[in-house]
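The values are calculated or read from the model by the stated rules, or taken from the named source; none is laboratory data. Since the structure is predicted, the reported quantities are computational estimates derived from the model, not experimental observations. All Cβ positions, glycine included, derive from the backbone under ideal geometry; neighbour counts span all protein chains shown. Heavy atoms of the whole protein, side chains included, go into the accessibility calculation; ligands, DNA and RNA do not. Shrake-Rupley method; radii C 1.70, N 1.55, O 1.52, S 1.80 Å.
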Amino acid sequence: KAKEKGKNNYQFFNREMNEEILKKLVLENQLRKAIEEQQFQIYYQPLLDLRTNRIVSTEALIRWEHPEKGFISPADFIPLAEETGLILPIGEWVLNEACKQTSMWRDQGFDLSISVNLSNRQLMNENIVETIKTALRHHQLDPKHLILEITESMAIINLADTLHKLKQLRDFGVHIALDDFGTGYSSLSYLSMLPITSVKIDKSFIDDINNRMKKEIVKSITNIAHSIGLKVVAEGVEDEQQFTTIRSLGLERVQGYYLSPPLPADEVEEKVLAVKV
Ligand code: C2E
Ligand code: MG
Ligand code: MG
Ligand code: MG
């Protein structure tokens, strides 16, 4: 009897697994279709420089508008895109689109850089350095106006190959930011090993920055980052109190709903760039 029960459990487990696999396959097919039919869009979120009080950059954030399901969050499809390798064509599209838009903004007289998220899967691709250089040349964007956002992970830290590629990009003039700092491995000594130019302190630290302990942590991270020549960005700043605290700690840049949510390019122009401060 126990054997039978075990067998049933096994079948149940199996069916659950199949359902998961099926769901993934469906999503994967929809992702492929989304690429063909160009269902993606880019939203741009401004970053404010606290020294000059100017919008100095925007971060390109992908949006997927599924014809039936509506808006699907990147958190729900980027992981599968990475797993299937579809992040390669998707990422290349984002990069080109973002460079094109930023080049246009620069031509209009806005002195903006662009931040583009790069997944580990993209960094593992052997052509990634060439892909990035080509995009910059094609859209006539100076490499110093591109900031690649990478996340700390064992993959990045361990693979000599990845480090080599990051160094090539840095040598080319591209800036590299360590995204979501504080959520992963977060070893400060790794900061100095990576050819990065800035760190983005994760929103989870900013959320309770007015808690004394968190504030001290952000202060320490900032001081260490500064001492090795890195700029510090606060992400996910939502209110004035957080903004004031961050400014008092000497961080260089802020990003968050308090300033602006990610917006389509035309709305960035209307609501952010057109506003004279
Ligand atoms: P991320 O790179 O850390 O981007 C910041 C996320 O925080 C964005 O979510 C942004 O909309 C959100 N955010 C910004 N300010 C605030 C705030 O004040 N409050 C709150 N609650 N959220 C805020 P989003 O756009 O949903 O993107 C989620 C993640 O998906 C990104 O995190 C990034 O890891 C990934 N992602 C987005 N676009 C791309 C892409 O083109 N390529 C790759 N590889 N990953 C991407
Ligand atoms: Mg990012
Ligand atoms: Mg981030
Ligand atoms: Mg984040």
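Step through the table entries Lys33/Lys144; Lys144/Lys271; Lys133/Lys200; Lys144/Lys200; Lys69/Lys165; Lys100/Lys231, compare each Cα-Cα distance with 28 Å, and write down the pairs that go over it. Write out the running numbers ahead of the final one.
Working: Lys33/Lys144 34 Å; Lys144/Lys271 26 Å; Lys133/Lys200 24 Å; Lys144/Lys200 18 Å; Lys69/Lys165 38 Å; Lys100/Lys231 26 Å.
Those over the limit are Lys33/Lys144; Lys69/Lys165.
When shorter helices are ignored and each DSSP H run of at least 4 residues is given -39500 (n - 2.57), the per-residue value for the chain at 222 nm works out to -15500 deg cm²/dmol.
In this rough spin-label picture, where each label sits 7 Å from Cα along the Cβ direction, the Lys23-Trp93 distance is 2.4 nm. Carbon and sulfur together cover what percent of the accessible area of the range 219-277 at a 1.4 Å probe radius? With neighbouring chains kept in place, the figure for the range 219-277 is 51 percent.
As a calculated quantity, the FRET efficiency between Thr134 and Arg247 at R0 = 35 Å, using C-beta atoms, amounts to about 0.35. Model label sites at Leu259 and Lys144, defined 7 Å from Cα along the beta-carbon direction, differ in position by 2.0 nm.
Taking 8 Å as the Cα distance limit and 6 or more residues as the minimum spacing, I'd like the relative contact order of the chain as a percentage. If you can, show how the numbers build up before the last one.
Numbers: 402 pairs, mean separation 47.9, N = 277.
It rounds to 17 percent for the chain.
On a per residue basis, the chain carries 53 Å² of accessible surface, using protein heavy atoms and a 1.4 Å probe.
Here the accessible area of the range 89-210 is 49 percent carbon and sulfur, with a 1.4 angstrom probe and all protein chains present. Helices that extend 24 Å or more along their long axis by alpha-carbon positions and average at least 0.0 on the Kyte-Doolittle scale are absent among the DSSP H runs of the chain.
Val275 exposes around 80 Å² of accessible area when a 1.4 Å probe is run over every protein chain in place. Highest mobility in the GNM of the chain, judged by mean-square fluctuation with C-alpha springs under 10 Å and restricted to Ile72, Ile196, Ile55, is found for Ile72. Counting only Cα atoms, the range 67-137 measures 38, 34, 16 Å along its principal axes, largest extent leading. Computed over every Cα-Cα pair of the range 120-277 and binned at 10 Å starting from 0, the pair-distance distribution P(r) comes out as 10, 34, 34, 20, 2 percent. By the compact-protein rule of thumb, 2.2 N^0.38 Å, the alpha-carbon radius of gyration of the chain corresponds to a ratio of 1.11. Taking 0.36 nm per residue of separation and subtracting the current Cα-Cα distance, fully stretching the chain between Asp171 and Val275 would add 33.9 nm. How would you classify the range 20-72 from its alpha-carbon gyration tensor, with a ≥ b ≥ c the square roots of the eigenvalues: rounded for a/c under 1.5, else prolate if a/b is greater than b/c, otherwise oblate? Here the range 20-72 falls in the prolate category.
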